[in-house]
Every structure is written in C-alpha cells, then in structure tokens.
Amino acid sequence: MKKLFIAAPGLLLAMGLFAQTDSSKIEQYCQVVATPKLLSNKVTIDIDFGEEKRFWADERLRTEQGKLKKFNTIIDALNYMGRNGWVFINAYPVHLASTEIFHFAFKKTFNREELR
C-alpha cells in the first residue's frame, strides 16, 4: 500500500509531461504607412497590425517606458520592424493630390500559443 502512495505522484507527474501543446506556426502581417508632414521634411509613421481601431482609445505605438515611439525617418521605422523580427514583403506608393504616401508590408511567424 505504501508503494502505491509513493508511485502515484510520480505517475501523475509523468502524465503531465506528455501533455500536448499547439506548436504549429502561423504568419501574421502588418503594414507600415509613412505620410509626409505638412511643410516639413519629417514623416508620420503609422503601424497597422490589423486590430480594430477604437475612436476614443489611444493605440499609438509606445516605448517600454510608456512614451510615444517616434521615428526620425522611414528607414528608422523599417529598422525598428526588422529588429523586432518582422520580415519585409513589399512596398508601394499611393499618390493623393500632391503627396505620396508609402506603404510597407511585413510578416512575422508566431507559434499559435503566443497569439492566444
């Protein structure tokens, strides 16, 4: 009987080690939009991860300290995406009136369990 009480916790632990996890991969996409600022050489960078935009919520990208993330140039924003594991796919300009807005598409592979 004592052997059963000693062996039972070991069996329960062993069963937990064989639990299956979902380790399948899934690709996620995002878009970086660069819009020139009026009467300036600077650009406004918007990163679209595909979330629903809420009217009253401030969903701008922030640093680890909670401050707004600002980019000096388009290349600064593209380097930021690369450092965070995003892979460049494509770029295309959109002409509106006298301005040119640049769109950059990126993708990144995640484990399914990371996205839950």
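In region 52-80, which residues are of a type in the set (Ser, Thr, Tyr) and over 17 Å from the mean Cα position of the chain (by Cα)?
To start, the set of residues in region 52-80 that are of a type in the set (Ser, Thr, Tyr) comprises 63, 73, 80.
Matches in region 52-80: Thr73 only.
Are there any pairs, at least 6 apart or on different chains, whose C-beta atoms fall under 8 Å, with the first in region 36-59 and touching a residue at least 12 places away in the same chain (Cβ under 8 Å) and among the β-branched types (Val, Ile, Thr) and the second assigned to a loop (DSSP other than H, G, I, E, B) and surrounded by 11 or more Cβ atoms within 10 Å (Cβ to Cβ), and if so, which?
As it stands, the answer is Val43/Phe71; Val43/Thr73; Ile45/Phe71; Ile47/Leu61, since those pairs meet every condition given.
Taking the options Ile101, Ile75, name whichever one is of a type outside the set (S, T, N, Q), in contact (Cβ under 8 Å) with a residue 12 or more places away in the chain and over 26 Å from Ile26 (Cβ atoms).
Details: Ile75 fails: in contact (Cβ under 8 Å) with a residue 12 or more places away in the chain.
Step by step, each of Ile101, Ile75 is checked, and only Ile101 is of a type outside the set (S, T, N, Q), in contact (Cβ under 8 Å) with a residue 12 or more places away in the chain and over 26 Å from Ile26 (Cβ atoms).
Each reported figure results from applying straightforward, stated rules to the coordinates on display, with no laboratory input. It should be emphasised that the depicted structure is a prediction, and the values quoted were computed from it without experimental measurement. Cβ coordinates were reconstructed from backbone atoms using ideal geometry, including for glycine residues, and neighbour counts include every protein chain displayed.
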